[in-house]
2 protein chains.
Amino acid sequence: MLPAPLERLVEELQRLPSVGPKTAQRLAFYILSSPQKQAEALAQALIDVKTKLTSCEVCGNISDGPVCAICSDARRDRKLLCVVPTVKELLAIERTFVYKGLYHVLGGLISPLDGIGPDEIGLDSLKERLQTADVEELIIATNSTVAGEATVLYITKMLEGTDLRITRLATGLPVGGDIEYADENTLGRALSGRMAVTANSAF
Amino acid sequence: MLPAPLERLVEELQRLPSVGPKTAQRLAFYILSSPQKQAEALAQALIDVKTKLTSCEVCGNISDGPVCAICSDARRDRKLLCVVPTVKELLAIERTFVYKGLYHVLGGLISPLDGIGPDEIGLDSLKERLQTADVEELIIATNSTVAGEATVLYITKMLEGTDLRITRLATGLPVGGDIEYADENTLGRALSGRMAVTANSAF
């Protein structure tokens, strides 16, 4: 019913996550009626992302060169290393502007039920990196899911005996969170992980 | 924060309707992790839609040749002409498989408040077409909005005096619609436009 080129665009758009037939058709019509330059810019951006980007040789972050912008930034604290499951968590942490150390991007989380073990997510290369790098603290930033906890546990065991300080993200009430409405798990963890109040940190 | 090629893809995706920053980033990451062939196919489809498609010389439908598939289909009834505001309405009618005539695609609807008059939507070319084409019935398929009604009115006035039969889509209860919950306008129109029941049409 649609001319072949339009039909093909609708099909290709439908492959994107959470784009159904109706959305794909709406987007295709929008592109049909938009300036040719805009469609070309989007097409070029798609190609560039696949051809110009690689993984950073050091940390696994996405990068447009062999070493990513974070690893090659001299102002970064090389004694701090944050382990993240994927680049998405790295970007979320970067958005906070709080962290000034380096990263190590894994290939996901350990999940024995899905057949994903330590080697599949590249924990061997983390161990290698730690042997040569001058790291003092390793921050493990995973969600507190079963797979996240398993990964934290494995990394802690793997590094037992080294003098590396291993930490993880604090669990507790979100900023602005209400004690009355917090779920029992979060409130329980916020209690057991209570933090000392000092004159400087209280406000 | 993101490498330049990824940042640019996110920006380009954000130009699409109802794609915000979060969705654009999610889509960009999906493309980053999808096979190169898929990104290339989408890029090519985008280019093809802009370069290989034109408007049908006869009816204004989108087409991959000078005359569209509908206009060049010999099985179509050339005595029936359906006027639609845009290609979207044409496609909606085609999806019903009920209509076997030809189309005339306008460039929207008359809207004096927005400075859109009869010439802006190409009603002059409709008049021209009707002078040479052997059309017996003209079906005006517009939504029943102010602009839709204005367009119906204008076309009817424009063709006054010709022996063309002018019709429009029926207004009434939707199939499966509930009388109890129908709005007053729809129910009122369904009443005043009530249809004769014959032995054949009752079920």
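Of all residues in region B:98-113, which are without any contact (Cβ under 8 Å) to a residue 12 or more places away in the chain and assigned to a helix (DSSP H, G or I)?
B:LEU113
Could you please let me know if B:ASP178 is under 26 Å from B:VAL105 (Cβ atoms), exposed (fewer than 10 other Cβ atoms within 10 Å of the Cβ) and of a type outside the set (S, T, N, Q)?
Considered against the rule, which asks whether it is under 26 Å from B:VAL105 (Cβ atoms), exposed (fewer than 10 other Cβ atoms within 10 Å of the Cβ) and of a type outside the set (S, T, N, Q), B:ASP178 comes out as no.
Just need a number here: residues in region B:35-84 that are more than 25 Å from B:GLY148 (Cα to Cα), more than 7 Å from every other protein chain (Cβ to nearest Cβ) and either assigned to a helix (DSSP H, G or I) or touching a Cys at 6+ places or on another chain (Cβ under 6 Å) (or both).
Final tally of qualifying residues: 5.
Does region A:129-141 contain any residue that is without any contact (Cβ under 8 Å) to a residue 60 or more places away in the chain, open to solvent by 20 Å² or more (accessible area, probe 1.4 Å), more than 14 Å from chain B (Cβ to nearest Cβ) and within 17 Å of the chain's Cα centre (by Cα)?
Taking every residue of region A:129-141 in turn, at least one turns out to be without any contact (Cβ under 8 Å) to a residue 60 or more places away in the chain, open to solvent by 20 Å² or more (accessible area, probe 1.4 Å), more than 14 Å from chain B (Cβ to nearest Cβ) and within 17 Å of the chain's Cα centre (by Cα).
Restricting attention to region A:22-81, report how many residues are open to solvent by less than 20 Å² (accessible area, probe 1.4 Å) and either on the phi > 0 side of the Ramachandran plot or among the hydroxyl-bearing types (Ser, Thr, Tyr) (or both).
Total meeting the criteria: 2.
Under the condition of being charged (D, E, K, R) and farther than 16 Å from A:ASP48 by Cα, which residue from region B:2-31 is farthest from the other protein chains (Cβ to nearest Cβ)?
Here the answer is B:LYS22.
The values are calculated or read from the model by the stated rules, or taken from the named source; none is laboratory data. Note that the coordinates shown come from a computational prediction; the quantities given were computed from them, not determined experimentally. Virtual Cβ from ideal backbone geometry, glycine too; neighbours counted across all protein chains shown. Surface accessibility is based on the protein's heavy atoms, side chains included, excluding ligands, DNA and RNA. Shrake-Rupley method; radii C 1.70, N 1.55, O 1.52, S 1.80 Å.
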